[in-house]
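For reference, the structure discussed in these notes is given below.
The values are calculated or read from the model by the stated rules, or taken from the named source; none is laboratory data. Note that the coordinates shown come from a computational prediction; the quantities given were computed from them, not determined experimentally. Cβ atoms come from the backbone with ideal geometry, glycine included; neighbour counts cover every protein chain shown. Note: areas computed on protein heavy atoms with side chains; ligands, DNA, RNA excluded. Shrake-Rupley method; radii C 1.70, N 1.55, O 1.52, S 1.80 Å.
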Amino acid sequence: MSRPTPDGPGQERGRPSLLAGAGHLAALWALAFAQPLFDLLGRNPDFFVARGNGGDEIVAFAIIFTLGPPLAMLAAEAAVARLWPQGCWPLHLGLVGLLCAALALQLLQELASGPAGVLIVVAIAAGAAAVHAYEQTRFARALLDVLIPAPLVVLAVFLLLSDVSDLVLPQEEVEPVSVEIPGAAPVVMVVFDELPEGTLMTPQGGIDASRFPAFAEMARESTWYRGGVTIAAFTPRAVPAILTGTLPSEDELPVASDQPRSIFTLLGGSYRMHVMENATQVCPSGLCGGREGGGIGSLFSDLRVVSEHLLLPDGLRNHLPAIDTTFGDFADQAADVPPRRFASGDPDQLAAAFADQVGEEAPRVAAFAAGIGEGDRVLHLIHVEKPHYPWNHFQDGRKYSNLSGEFKDVLADDTGWLGGEALTNLALQRHILETGFTDLLLGEVIDRLKRTGLWDRAVVVVLADHGGAVVPHERRRNPTPANFGQIAAVPLFIKAPGQRQPRVVDRAFCTSDVLPEVARLLRIDYPWRRHSCPPDEVTVANSPDGETSLSFARTERLRDAYVRRIDRLFGIGNGWGPVLRFRPHPELVGRPVSSLRTSVSESTTAGVDDERRLEDVDPRAPIVLASLLRGAIAGGEPGEAVAAAVNGRIAAVGRSFDSAGSIRYSMLIPPHYFRLGGNRVDVYRVLWGRSAVELKHLGP
């Protein structure tokens, strides 16, 4: 195991052999990095399901992640031992110290809290102490000798004993059931993500056609279940509830082996499948084929970000991409993609540009719509991850941000929205604009159905899996009595073949009622037990466990209060202008700065994040990153009115807010305020005097 070497005057110390030392490094790597990540993933196998990773990809990832870095360290030590023997031992000690410091940093975060710098210094000191013990004492090296099997143990526990084992070990193939379908007709289902019903509604109980024409069209020619409610607040449980007609258990994964009774196995005996699942794999591979995942490279990229979140202290995580707002491609979402430039604002050219946006929902929906064709025995189904947070599109589809979470500093997982009313109203503006983009995507599917003639012949289902809340000091997703109306109440439309007249159903209608209703319209003798949807009480499952219940009447009152809030802030029924001219002082938007009283603030200054975006702007491009104007205000207070002028004209007015102890502003500037090329932006504080408005210039 070891070779004796001189230890000093009168002493001998046994240094480990090259292979034994590599075993020590492998053990430390497994404890510091592999085990924490595998523990997290083992409790959240939905991560792999959402990304479409199969069992071989998971096994390959686990083996490479566990053994790859230690083998790379062994190779480095072997190369140094060959080229410079005296440097091999210092290199080995340095690697031991780094791994021990990483392990100490994780233990410190579990046991104590404090500034990131302090925790890192303490962890480095602990690593140095561990290196000293490792070099000077046989006990430390003997302890690591005992831990050499740790990588294999960690690997086996993850692949064979955690919840991930259901994705790795062979599962019984799921087959379609045998049923008669007397009323065979095409079935088209579009499932949106995180869309509250109230976002679409008017105070009179209709759909706001001025902002959401596609949803309004659904309401005009289908049955609108205005009492539609979800039974789960998170996609891995909410979508299977729609597809299976049951409330899946928290112990079940959103995969075919755990969800064998679904719309896919109900129709799969005689229907062709045209299916694009997102975040679930309920359709059996025998019916829908193997789903293409992101691949090993993308998996490693995402899990590198997850590992950084696990390892780094809170204070150093702010610069990392968010990992709780989408199902993957974390690093890509944080990157700034340079806008493409066009010679004209031709709509076809813009549409082609949208289709080129990697990772966007627009090309997925375009591909889905293009695949809709003739045939009565076809299931066309897509899950669209919109208008799910993060919100980064104008209503016309133009993208104003690549941030994976614009509000991540004020949207904590454990406490929800940390900002006050002004901040959540700002977030609500972003959500409504993203819903306008979602309506655009729905319109593309409806247009395709009408062009192919399927609109009149098909069963068409449009709904959301669950809602999302923008309420001060309440969580965005886990339902509470304060946010329940935005999470539980979801849009739900079902159009029967040949239906032309609208119908509204105001009783409670659960998302788990959708599959039995589709079966009824196809005149199928439903072969399974139905989930009960109580008429007077709404129960929404949380994640990972627990549930929240409220009366159906109270749920509707909360939904309607949300509609009235939107009406107060943005008006309803009058298009997008009021949303883009978001208060305070919308009357200032569009006015030249020269028509107002101005002066320079002596005590307050403002900056603009990433000013380089203003140097080369193409307002006709599909991505206009200059449209999201954000920055810090030194010497300001939260809640103050702030205006942004572009090339001498007021383009947006907002309010400052507290973000993690810093006073900031964030405003959306419609692209038409920019000119081609360089642009000047000025930030002002708005003071309302007795007779006139005064602007205090803050910078930059």
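In this structure, the amide hydrogen of Glu640, modeled 1.01 Å from its nitrogen in the peptide plane, lies closer than 5 angstrom to those of Ser656, counting only residues at least 5 positions away or on a different chain.
Cysteine residues of the chain whose C-beta has no other cysteine C-beta under 4.7 angstrom: Cys88, Cys100. For segment 624-650, backbone nitrogen atoms closer than 19 Å to the point 7 Å from Ser599 Cα along Cα-to-C-beta are found at 635-637, 640-643.
Once backbone amide H atoms are built at 1.01 Å from N, Val188 has His380, Val459, Val460, Val461 as its partners under 5 Å, excluding neighbours fewer than 5 places away on the same chain. Of all beta bridges DSSP finds with both residues in the chain, what is the antiparallel percent, to the nearest 5? Looking only at bridges with both residues in the chain, the antiparallel portion is about 65 percent. The 3J(HN,Hα) values that the Karplus relation (6.51, -1.76, 1.60; θ = phi - 60°) gives for segment 453-463 are, in residue order, x, 6, 4, 7, 9, 9, 7, 10, 10, 10, 7 Hz. Gly and Pro appear as x.
Here the chain has 55 percent of its accessible surface on carbon and sulfur atoms, given a 1.4 Å probe and all protein chains in place. Taken as Cα centroids, segment 46-84 and segment 136-164 sit 16 Å apart, rounded to the nearest whole angstrom. Over the chain, DSSP H runs of length four or greater, each weighted -39,500 (n - 2.57), average out per residue to a 222 nm ellipticity of -11500 deg cm²/dmol. Here, P(r) means the percent of Cα pairs in each 10 Å bin from 0 to the largest distance; for the chain it is 3, 13, 21, 22, 18, 12, 7, 3, 1, 0.
Looking at the chain, the accessible area is 41 square angstrom per residue; that uses a 1.4 Å probe and ignores ligands, DNA and RNA. Remark: the Ile124-Thr480 segment gains 123.9 nm on full extension, using 0.36 nm per residue and subtracting the alpha carbon distance.
Only lysines eight or more places from Lys399 in sequence, or on another chain, were considered; those with a Cα closer than 23 Å are Lys386, Lys408. Look at where the Cα atoms of segment 505-558 and of segment 179-239 average out, and the two centres are 14 Å apart. Here's the list of lysines a cross-link from Lys495 could span, going by alpha-carbon distance under 16 Å and ignoring same-chain residues fewer than 8 apart: Lys450.
Taken as entire DSSP H runs, the helices of the chain that both span 20 Å or more between Cα atoms along their own long axis and average 0.5 or more on the Kyte-Doolittle scale are 55-83, 88-111, 116-136, 295-311.
Converting phi to 3J(HN,Hα) with the Karplus coefficients 6.51, -1.76 and 1.60 and the offset θ = phi - 60°, segment 591-601 yields 7, x, 4, 5, 8, 10, 6, 10, 8, 9, 6 Hz in sequence order, with x at every glycine or proline.
A cut-off of 5 Å between modelled amide H atoms, ignoring neighbours fewer than 5 places along the same chain, links Ala652 with Ala644.
Rounded to 0.05, the FRET efficiency of the Leu18 and Asp616 pair, given R0 = 45 Å and the Cβ-Cβ distance, is 0.25. The phi-based Karplus calculation (6.51 cos²θ - 1.76 cosθ + 1.60; θ = phi - 60°) puts the 3J(HN,Hα) values of segment 486-500 at 8, 9, 7, 7, 10, x, 8, 10, 10, 9, 7, x, x, 5, 10 Hz, whole numbers, x for Gly and Pro.
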